[in-house]
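Taking it in order: structure first as structure tokens, then the write-up.
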């Protein structure tokens, strides 16, 4: 286990790996738990700084704080908690399973889903929320008219990469309808998304 942990530290944080110095920042922990469950699952390592320095934790206090954090995610996520000793320090390991449910946490006075994009926890936009609902079989994808599909593909192709706001300026499709179309196009892999400067961008996938 020690060798594996050291390799993980060398690889650093990513889509399915998160380091937290301790469990005291409950909001950040909850965001990571929610994002992992909604995306591809992942593992939180408690007692490791983001730069990879191993600092260790106090197990009983960490266990209590982690359970409080896990209770903040609705519905409840599928997880395991373990503790190991490494270099005379104790680390907490929380494995979050990918879920078929759409999980949310209370954030700025409303319940919202988070997703994991690379090594960042991001509040799911309306488009991503609809995409997750389709992906997790909570809702059916909509039927897209060929003319709608063509104008969206052409616009994204011309702009190379564009945000939802940019799309609305170039396409005369009602906002709610456009959100549903983009969610469906994400689900059938016609388009994909990236995240930069706190903005979601859409790109065409190669056929």
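The values are calculated or read from the model by the stated rules, or taken from the named source; none is laboratory data. This is a predicted model, so every value here is computed, not measured. Every residue, glycine among them, receives a Cβ derived from its backbone with ideal geometry; neighbour counts consider all protein chains shown.
Would you check if residue 109 is closer than 29 Å to residue 138 by Cα and either out of contact with any helix residue (DSSP H, G or I) (no Cβ under 6 Å at 6 or more places or on another chain) or assigned by TED's automatic domain parsing to the domain that holds residue 196 (or both)? Let's see the steps before the verdict.
Details: closer than 29 Å to residue 138 by Cα: yes; either out of contact with any helix residue (DSSP H, G or I) (no Cβ under 6 Å at 6 or more places or on another chain) or assigned by TED's automatic domain parsing to the domain that holds residue 196 (or both): yes.
Yes: the conditions hold for residue 109.
So that you can scan it fast, the table gives a plain yes or no per residue for (1) modelled with pLDDT of 95 or more; (2) in the same structural domain as residue 14 (by TED's automatic domain parsing):
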| position | (1), (2) |
| --- | --- |
| 104 | yes, yes |
| 130 | yes, no |
| 133 | no, no |
| 141 | no, no |
Counting just the residues of segment 18-28 that are in contact with a strand residue (DSSP E or B) (Cβ under 6 Å, 6 or more places away or on another chain) and outside any loop (DSSP other than H, G, I, E, B), which one comes out nearest to residue 133 (Cα to Cα)? 18
Qualifying residue in segment 16-26 (condition: modelled with pLDDT of 90 or more, over 23 Å from the mean Cα position of the chain (by Cα) and farther than 21 Å from residue 105 by Cα): no
Lone qualifier among 93, 84, 57 - being free of Cβ contacts under 8 Å to residues at least 60 places away in the same chain, over 21 Å from the mean Cα position of the chain (by Cα) and over 25 Å from residue 195 (Cβ atoms): 57
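Would you mind stating whether residue 117 is assigned by TED's automatic domain parsing to the domain that holds residue 34, touching a strand residue (DSSP E or B) at 6+ places or on another chain (Cβ under 6 Å) and closer than 18 Å to residue 46 by Cα? It would help to see each step written out before you state the result.
Details: assigned by TED's automatic domain parsing to the domain that holds residue 34: yes; touching a strand residue (DSSP E or B) at 6+ places or on another chain (Cβ under 6 Å): yes; closer than 18 Å to residue 46 by Cα: no.
Considered against the rule, which asks whether it is assigned by TED's automatic domain parsing to the domain that holds residue 34, touching a strand residue (DSSP E or B) at 6+ places or on another chain (Cβ under 6 Å) and closer than 18 Å to residue 46 by Cα, residue 117 comes out as no.
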Residue 4, sole failed condition from (1) surrounded by fewer than 12 Cβ atoms within 10 Å (Cβ to Cβ); (2) at pLDDT 95 or above: (2)
Filter pass, residue 114 being closer than 30 Å to residue 54 by Cα and modelled with pLDDT of 95 or more: yes
